[in-house]
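Remarks on the structure that follows.
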Amino acid sequence: MRTHPFLHLNIGGQLLPLDSPVVMAILNVTPDSFFSDSRLDGAEAVRLRAEEALRQGASILDVGGYSSRPGAADVPEAEELRRVSEALETIRNGFGDVPVSIDTFRSRVAEETVLRFGPCIINDITAGEGDPRMAETVARYDLPYVIMHMRGTPDTMQQHCDYRDVTEEVLDYFARRIDELHRQGVYKLILDPGFGFAKTAAQNFELLAELPRFQVFELPVLAGISRKSMIYRTLGVSPQEALNGTTALHAECLRQGAHILRVHDVTEAAEVIELHKNLAPWTSSI
């Protein structure tokens, strides 16, 4: 495994080391996320899920109020903000300053939650291209920023899978976005190759096999493959039956150098990380 031991996330002065991989637990406060078991309705459901995820070994809670699955209904900005704010209020009241990520592409949602609940990670599936004010907002509050590769929108992305070389083109995209975001004052970047977003199953597996190439940027890499179609369609099962396949590929993500696993199932991901850590001293670096 390739690692950069100096990597960490600085979230408003709170340091989260990434010399060992960490789990980001998904908290969906949407009624239509693709994995139905991940949907949370109401403050008590959020509190119980957050408590469970932290007990099971999550280091980050990722709160999303806008589903990005293909065909998902649009969510008005005010409704997304309401959903995220209610969840953040529950988390902050119950669990203090636990590291939180906001899964949003809207600068207003990012800014208002930061002003009300303190610094957090912004997890943006559009890498700042969905809202021209997002980079300015992230820079103003000096926030860690997950930038994901995607073509088109969640509704149209599967019409844009025509790559000459998927890994090379995703690398080129990140090189351009990193340069542009640096010019706008955004430096705390985390890279998400965007498994399942404008990629075929074969392209997802190719990207995973070549994940070590992303270490060239010397930035943390987030892998979001949990229960996705690259797993359940390949195995001929449903998302509800895709935990075993997810766990198998999480082990491969770690072997290929991922620093953050974004997951629905925290216990299983934390166990994969623990086993990987015990294996690491006996394996040679790539």
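What the table shows:
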| item | result |
| --- | --- |
| Amide H contacts under 5 Å for ASN123, placed H, 5+ residues apart | ILE102, ASP103, THR104, VAL146 |
| Calculated FRET efficiency for the pair ALA209/GLU169, C-beta based, R₀ 22 Å, to 0.05 | 0.90 |
| Karplus 3J(HN,Hα) series, Hz, for the range 266-271 with 6.51 cos²θ - 1.76 cosθ + 1.60 (x for Gly, Pro) | 6, 3, 5, 5, 5, 5 |
| GLU129/ARG233 FRET efficiency (R0 35 Å; Cβ-Cβ; nearest 0.05) | 0.80 |
| Whole-Hz couplings from phi, Karplus 6.51/-1.76/1.60, listed for the range 172-185; x for Gly and Pro | 4, 4, 5, 4, 5, 5, 4, 4, 5, 5, 4, 5, 8, x |
| Cβ charges +1 (Lys, Arg) and -1 (Asp, Glu), total dipole of the chain, debye | 260 debye |
| Estimated inter-spin distance, GLN240 and GLU77, nm [label 7 Å along Cα→Cβ] | 3.8 nm |
| Residue-by-residue Karplus 3J(HN,Hα) for the range 40-53, coefficients 6.51, -1.76, 1.60, Hz, glycine and proline x | 10, 10, x, 4, 5, 5, 5, 4, 5, 5, 5, 4, 5, 4 |
| Label corresponding to Kirkwood radius over Cα pairs in Å when calculated from the structure given, among (1) 18.9; (2) 21.0; (3) 19.9 | (1) |
| Accessible surface, per residue, of the chain when the full set of protein chains is kept, probe 1.4 Å, Å² | 43 Å² |
| Percent carbon-and-sulfur accessible area, the chain, ignoring ligands, DNA and RNA, probe 1.4 Å | 51 percent |
| Long-range Cα-Cα pairs in the range 178-286 (distance over 18 Å), rounded percent | 53 percent |
| Extension gain from HIS182 to ARG92, taking 0.36 nm per residue of separation minus the Cα-Cα distance | 29.3 nm |
| Set of aspartates and glutamates near LYS199 by C-alpha distance (under 20 Å), chain-local residues within fewer than 8 positions excluded | ASP124, GLU129, ASP155, ASP162, ASP165, GLU168, GLU169, ASP172, GLU210, GLU252 |
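The values are calculated or read from the model by the stated rules, or taken from the named source; none is laboratory data. Everything quoted here is computed from the prediction, not taken from an experiment. Please note: Cβ atoms are built from the backbone with ideal geometry, for glycine as well, and neighbour counts cover all protein chains shown. For accessibility, only protein heavy atoms count, side chains too; no ligands or nucleic acids. Shrake-Rupley method; radii C 1.70, N 1.55, O 1.52, S 1.80 Å.
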